[in-house]
1. Out of all the residues in segment 46-70, which are open to solvent by less than 60 Å² (accessible area, probe 1.4 Å) and assigned to a strand (DSSP E or B)?
2. Mind checking which residues of segment 27-45 are among the aliphatic types (A, V, I, L, M) and assigned to a loop (DSSP other than H, G, I, E, B)?
3. Could you look through segment 6-22, keep only residues that are over 16 Å from the mean Cα position of the chain (by Cα) and within 16 Å of the ligand (Cβ to nearest atom), and pick out the one that is nearest to Asp73 (Cα to Cα)?
4. Would you say Pro33 is of a type outside the set (Ser, Thr, Tyr), more than 16 Å from the ligand (Cβ to nearest atom) and within 21 Å of Ala128 (Cβ to Cβ)?
5. Among strands (runs of 3 or more DSSP E) lying entirely in segment 81-169, which contain 2 or more residues that are open to solvent by less than 20 Å² (accessible area, probe 1.4 Å) and closer than 22 Å to Ala25 by Cα?
6. Of all residues in segment 100-116, how many are without any contact (Cβ under 8 Å) to a residue 60 or more places away in the chain and more than 10 Å from the ligand (Cβ to nearest atom)?
Amino acid sequence: MELLTTRLRLRPMSLSDVAQAHALATSPGVARPAGYPTPKKLNATRLRVARSVAEWRKRTPSRLSFTILRRDDNAWIGLINLNWPHAGVGELGYSLHPRHWGNGYASEAARRVVDLAFDTLGAHRVQATCWVRNRRSAAVLRRAGLKKEGLLRGYLKRGQVVRDEFMFGLARRER
Ligand SMILES: CC(C)(COP(=O)(O)OP(=O)(O)OC[C@H]1O[C@@H](n2cnc3c(N)ncnc32)[C@H](O)[C@@H]1OP(=O)(O)O)[C@@H](O)C(=O)NCCC(=O)NCCS
């Protein structure tokens, strides 16, 4: 499954993405706001990528992970996922390498994945959680058409720190 936007190509994540995915996850300002631990070793990233790649081979994947590339020059921009916490509910997650922030790429990719969820995969709802301090991500979600729905108190524990997240969502009926 390949998705195109004006400037981007989204292709299924593959094992060839391990080095770039590791560079992304270990870049300052990426793992913490996204809510996952910074991987200490390349092997930890390899495992994560391998799990996502394996999902693509399942009949009903619980996660679709795409690598975002720039169509112009094939530059490696970042990753975007669509998880399925329940049947018919797609949950977005994404990270871009900081060198590619500020160009509208995350919003462009998120809009395309929202369309995929509703128009091709029959979702009745698309949602995303977002750390209350992650203003960049909240802006991406709004640009992709999701609305802030509420505060999830004590939603995520990373190390000893428990934090609140916002829930953003878009239901098919209001699209
Ligand atoms: C969240 C994240 C993807 C947002 O990145 P981003 O670059 O701010 O978002 P976009 O790619 O949509 O770019 C939007 C910016 O590009 C600007 N822009 C420049 N050219 C543009 C164009 N042609 N079209 C649209 N926007 C453009 C916008 O004005 C906006 O700028 P602003 O931040 O000054 O308002 C990024 O910060 C990240 O990877 N963070 C770490 C991981 C993370 O937090 N993930 C989210 C988990 S919930």
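1. Leu64, Ser65, Phe66, Thr67, Ile68, Leu69, Arg70, listed by residue number.
2. The one that is among the aliphatic types (A, V, I, L, M) and assigned to a loop (DSSP other than H, G, I, E, B): Val30.
3. The selected residue is Arg7.
4. No.
5. 89-96, 125-131
6. 2
The values are calculated or read from the model by the stated rules, or taken from the named source; none is laboratory data. Everything numeric in this text was worked out from a predicted model, so none of it was measured. Don't worry about glycine lacking a Cβ; one is built from the backbone with ideal geometry, like all the others, and counts go over all protein chains shown. Surface areas here come from the heavy atoms of the whole protein model, side chains and all, with no ligands, DNA or RNA. Shrake-Rupley method; radii C 1.70, N 1.55, O 1.52, S 1.80 Å.
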